[in-house]
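Taken together, the values in this text are just the output of simple stated rules run on the coordinates, not laboratory data. Not measured: the values here are computed from a predicted model. When we count neighbours, we look across all protein chains shown, and the Cβ atoms used for this are built from the backbone with ideal geometry, even at glycine.
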Amino acid sequence: MTGTRRPLPRLELLEVGADAARAARAKAVAEKAWPPTYSGIIPAAQIPYMIDRMYSPEAIRAAAAERTPYYLVLADGVDAGVCSIDLRPAADGAAELHKIYLLPEWWGRGMGAWLLAELCRRAKEAGATRVWLRVNKRNVRAQKAYRAAGFANVRALCTDIGGGFVMDDFIFERRMP
């Protein structure tokens, strides 16, 4: 049955918080999701550098304390992804979606669209009037998915993140209906 999409699995978000075992699971997901996501897009050495900075237990705890929780994405009860969104909208109503990664075996099943809709819903409940995110300029697959979910490219941003690396991104934004 070529061209047919498998049914959407049962999906849920499990907050990582200060739970050390969940933090380890979130980092393990990132370690599996990032290489196929960024291969040929960023230098190979940048992948572990960023994972160590963004998925350490300390980084996850600090984010949770600032109302930017990390979530494990569970598909039929199995770790399938990781995401994080700032639930403290800025004065202008903007909430930043920090992370959204699915393991490659779950790509193309509608989970990304579900996840974006769920995170935008949570941001709106927290008072956001728009959600924005960074996407690497060369990550065309992700840009296509964000556009399909109603996000638009509003500007470019290049940030030095240390270690001789940069994040060379587009800023995508979606207004809440």
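Going out from 0 in 5 Å bins, what whole percent of all Cα-Cα distances in region 11-131 drops into each bin?
Over region 11-131, the share of Cα pairs per 5 Å bin runs 2, 12, 21, 23, 20, 15, 6, 1 percent.
Distance between Cα centroids, region 16-43 to region 80-154: provide it in whole Å.
Region 16-43 and region 80-154 have Cα centres spaced 16 Å from each other.
Enumerate by residue number the trypsin sites (Lys or Arg not before Pro) in region 40-111 meeting two conditions: DSSP loop (anything except H, G, I, E, B), and at most 13 other Cβ atoms within 10 Å of the site's Cβ.
Loop-located and lightly packed - Arg67.
Which percentage, to the nearest 5, of the DSSP beta bridges contained in the chain is antiparallel?
So the antiparallel bridges in the chain amount to around 90 percent.
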